[in-house]
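Novice: I'd like to ask you about the structure that follows.
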Amino acid sequence: MSYIDSEKIIAATERPMARYLESMKGDLEDWMPLEHAAQMLLAGTAFNETDFAADFRPIIAMMRLILEKSASGGWNWADPDVQKVFCDVASGAVYMMYADVLVDMVIEILKAAPIRTVVEVGAGSGFVTGRLCPALLAAGFGDVRLVITDMLESIHPVADSFRSRFPGLSIDACRWNIQTGPPQELQAMLAAPVFVFERFCLPYAGCGAIGNLAAISDVLLLVDDLSLSGRKASFDHIYGRIGTQFLVLEEAFRHLAACFSRTHTCDSAVIEKIHSPVSTFTLAIK
Ligand SMILES: C[S@@+](CC[C@H](N)C(=O)[O-])C[C@H]1O[C@@H](n2cnc3c(N)ncnc32)[C@H](O)[C@@H]1O
């Protein structure tokens, strides 16, 4: 395993985190309206989405749909209503901002460590990958292997599409349910040191999957809401209806500490500025 300097990696995340802090302004400085909307949805109180900031409306529409669908037969990602509302959320300003911060983090970490493979876990339809690929080329990291994974078979056509759009990159794909250990096929695609990241996939698999991610990671970046207090907010109750697990920072750190020598909350300044009940960017280094 090549030498990885954890101090250097942590220092490298400071610049993207400063830009993240800077982007937390205007409506994004106060996330309580989202919690109020979730409370009203759970209570069945009628309200109009246009009473809320435009950036929050796709997220509120998704919470409303989760409640409607889970009350009438269940949530199915293949349902066209669900696909449309998730597409609106994923291409909305808030999700895009998180994707951009994440890509920024990946690039800065690559500058700080001799990483040879980047693995994106739970890549889904490639919202993050689509922003990462041009950034890798622009930063001169075309020789770093990119492996995208998801539990769904659809990861293969997603990878085909990125391979044809970005011939200058080496892109592999592997189907992987992270509730199980990394498949042999995936392990054969990796050149060490390996940097693994994921966004909004772990809540579907639970903290127990951290050990499986750690099995192939020299560096791991988790982009998920980890509750600081362990108390559920209204939107946690809503998302729970589509099978996401409520992740608590203390428990996630316990799993990480068993596998990594260093674990770091990257977004402390943002947590403080917006009085956030969750941390979102967690880094772990072997
Ligand atoms: C909310 S989507 C996020 C997709 C992408 N990371 C993004 O940020 O746009 C969650 C993704 O996690 C995947 N997923 C859910 N449970 C999983 C598991 N146990 N193992 C691997 N992938 C999983 C789903 O198939 C889906 O693509």
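Novice: Out of every Cα-Cα pair in the stretch 119-245, what percent are more than 25 Å apart?
Specialist: Percentage above 25 Å: 26.
Novice: Magnitude of the Cβ-charge dipole of the chain, K/R +1 and D/E -1, about the Cα centre, nearest 20 debye?
Specialist: About 440 debye.
Novice: When the chain is treated as a GNM, springs tying every alpha-carbon pair under 10 Å, which of Glu120, Glu108, Glu272 comes out with the largest mean-square fluctuation?
Specialist: Among Glu120, Glu108, Glu272, the largest mean-square fluctuation in the Gaussian network model of the chain belongs to Glu272.
Novice: Moving to a separate point now. Put +1 on the Cβ of every Lys and Arg and -1 on every Asp and Glu Cβ in the stretch 120-204; which of Gly122, Ser161, Pro134 then has its Cα farthest towards the positive end of the dipole?
Specialist: Farthest along the dipole direction, towards plus: Pro134.
Novice: Where does each of Lys232, Lys25 land when they are ranked from fewest to most other beta-carbon atoms within 10 angstrom?
Specialist: Neighbour counts put them in this order, fewest first: Lys25, Lys232.
Novice: If a helix is a whole DSSP H run, which ones in the chain reach 20 Å or further along their own axis (Cα) and hold a mean Kyte-Doolittle hydropathy of at least 0.5?
Specialist: 57-71, 93-112
Novice: Near Thr282, within a Cβ-to-Cβ distance under 13 Å, what is the net charge of the other residues, with Lys and Arg +1 and Asp and Glu -1?
Specialist: That works out to -3.
Novice: Related question: Assigning unit charges at the beta carbon (Lys, Arg +1; Asp, Glu -1) and nothing else, what dipole magnitude in debye, to the nearest 20, does the stretch 34-98 show about its Cα centre?
Specialist: In debye, rounded to 20, the stretch 34-98 gives about 100.
Novice: Can you order the peptides 210-217, 17-24 by their average number of other Cβ atoms within 10 Å per residue, highest first?
Specialist: By packing density, highest mean first, the sequence is 210-217, 17-24.
Novice: Taking 25 Å as R0, compute the FRET efficiency from the Cβ-Cβ separation of Ser72 and Ala43 and round it to 0.05.
Specialist: 0.85
Novice: Can you classify the stretch 229-286 as rounded, prolate or oblate using the Cα gyration tensor, where a ≥ b ≥ c are the square roots of its eigenvalues, rounded means a/c under 1.5, and otherwise it's prolate if a/b beats b/c and oblate if not?
Specialist: Because a/c hits 1.5 or more and a/b fails to exceed b/c, the stretch 229-286 counts as oblate.
Novice: Quick one: Asp88, Asp236, fewest Cβ neighbours within 10 Å first, how do they rank?
Specialist: Asp88, Asp236
Novice: Please give every one of the lysines within straight-line cross-link reach of Lys111, meaning a C-alpha to C-alpha distance under 23 Å, and leave out same-chain neighbours fewer than 8 residues apart.
Specialist: List returned: Lys8, Lys286.
Novice: Follow-up question, since we're still on this one. Answer rounded, prolate or oblate for the stretch 163-232, using the Cα gyration tensor with square roots of eigenvalues a ≥ b ≥ c: rounded when a/c is under 1.5, else prolate when a/b is larger than b/c, else oblate.
Specialist: prolate
Novice: For His156 paired with Glu185, estimate the spin-label separation in nm (one decimal), with each label point 7 Å from Cα along the Cα-to-Cβ line.
Specialist: Taking the two extended label points, one gets 0.7 nm.
Novice: Compute the whole-percent fraction of alpha carbon pairs in the stretch 1-114 spaced more than 18 Å apart.
Specialist: 63
Novice: Could you name the lysines in cross-link range of Lys232, using Cα to Cα under 24 Å and dropping any fewer than eight places away on the same chain?
Specialist: Lys69, Lys273
Novice: Find out how many positive minus negative residues lie around Val121, taking Lys and Arg as positive, Asp and Glu as negative, among other residues whose Cβ is under 10 Å from that of Val121.
Specialist: -2
Novice: Compare the Cα positions of Val223, Ala46, Gly211 along the charge dipole of the chain (+1 at Cβ of Lys, Arg; -1 at Cβ of Asp, Glu; about the Cα centre) and return the one farthest towards the positive end.
Specialist: Towards the positive end, the residue furthest out is Gly211.
Novice: Which three extents, in whole angstrom, do the alpha-carbon atoms of the chain cover along their principal axes, largest first?
Specialist: 56, 39, 34
Novice: Compute, for the stretch 1-46, the length of the dipole vector about the Cα centre, with Cβ point charges of +1 (Lys, Arg) and -1 (Asp, Glu) only. Units Debye, rounded to 20.
Specialist: Roughly 140 debye, rounded to the nearest 20.
Novice: Hey, how many Å between the Cα centroid of the stretch 132-167 and the Cα centroid of the stretch 1-29?
Specialist: 23
Novice: Further question on the same structure: How do the peptides 98-104, 48-54, 255-261 rank, highest first, by the average count of neighbouring beta carbon atoms within 10 Å per residue?
Specialist: Result, highest mean Cβ count within 10 Å first: 98-104, 255-261, 48-54.
Here, each number is a calculation from the coordinates, and none is a lab measurement. All values derive from a computational prediction rather than experimental measurement. Cβ coordinates were reconstructed from backbone atoms using ideal geometry, including for glycine residues, and neighbour counts include every protein chain displayed.
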